[in-house]
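Below: one structure, written as structure tokens.
The values are calculated or read from the model by the stated rules, or taken from the named source; none is laboratory data. All of these numbers come straight from a predicted model, not from anything done at the bench. Cβ placement follows ideal geometry from the backbone for every residue including glycine, while neighbour counts extend to all protein chains displayed.
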Amino acid sequence: SNRKKEIKRYFYNDSFYKKIIKKKKKNKRIKQEFSKIKKYRKMIKFVYQNVPRGTGDAVLKCKNHIKSKYFLMILPDDLIVKNNCSYSMIKIHKKYNSSIIASKKVNKKDISRWGIFKLKKFIKSNFLIKDVIEKPNLKNAPSNHAVIGRYILPKKIFKILQKQKPGQNGEIHITDAIKTLINNKETFIGHVFSGKYLDCGTMQGYIKSSIEISRL
Ligand code: G1P
């Protein structure tokens, strides 16, 4: 659709960035950021999910682009500022050679908005994951530690996703594939991140987050 093209244009439209740079000629940081974008956009590949069949189905579209044993997946509507959460997760991954998912405690009343972890035990401030349930109601929730959209996942998750039957709301959930991997004895660590989480999942949260970002 045309809206999808707009996203692509955002990354490729030089004139937009050039205008900003012209205005802020003396700002070194903006210049540096622009050259970074120029470098990275050669590496950006777009894949399209033409029917909204869930996060797992969306990830599956990237299958042929993933070459390494593990990959990092970021959900764009989960913003974490002031500390690079992905970077900390990569460090933990290197140490334990396991899968990692970002996590934060959420209010009990909001539990059904999130994937929720069942904890095995804490390793320092992070924890071993025993199970994960996609958007449970408060009664069925095993904790209030929620899944936040930063994941380091093994490539073998694609095989599971390919065979997976639709779950809640008829969607192919990444959470269900993770559950299968945990049942198959794959180690998953929940990372309690130190950056600030900006919630964009409600209208009020989205507006508050936009204001915060404009002040960075
Ligand atoms: C997705 C995941 C959910 C996770 C959330 C974080 O849900 O399925 O487990 O807690 O992202 O933002 P969605 O936001 O796509 O409904």
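Key figures for this structure:
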{"quantity": "Extreme residue, nearest to residue 148 (Cα to Cα), among residues of the range 60-85 that are part of a loop (DSSP other than H, G, I, E, B) and in contact with a strand residue (DSSP E or B) (Cβ under 9 Å, 6 or more places away or on another chain)", "calculated": "75"}
{"quantity": "Those residues of the range 174-212 which are over 18 Å from the mean Cα position of the chain (by Cα) and more than 30 Å from residue 95 (Cα to Cα), in sequence order", "calculated": "203, 204, 207, 208, 210, 211, 212"}
{"quantity": "Residue that is nearest to the chain's Cα centre (by Cα) [pool: residues in the range 107-130 that are within 14 Å of the ligand (Cβ to nearest atom), farther than 13 Å from residue 189 by Cα and outside any loop (DSSP other than H, G, I, E, B)]", "calculated": "115"}
{"quantity": "Residue in the range 41-60 that is farthest from residue 172 (Cα to Cα), counting only those that are polar (S, T, N, Q) and free of Cβ contacts under 8 Å to residues at least 24 places away in the same chain", "calculated": "50"}
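Each row is one residue, and each column tells you yes or no for (1) at pLDDT below 95; (2) surrounded by 13 or more Cβ atoms within 10 Å (Cβ to Cβ); (3) within 16 Å of the ligand (Cβ to nearest atom).
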| residue | (1), (2), (3) |
| --- | --- |
| 38 | yes, no, no |
| 51 | yes, no, yes |
| 66 | no, yes, no |
| 80 | no, yes, yes |
| 83 | no, no, no |
| 89 | no, yes, yes |
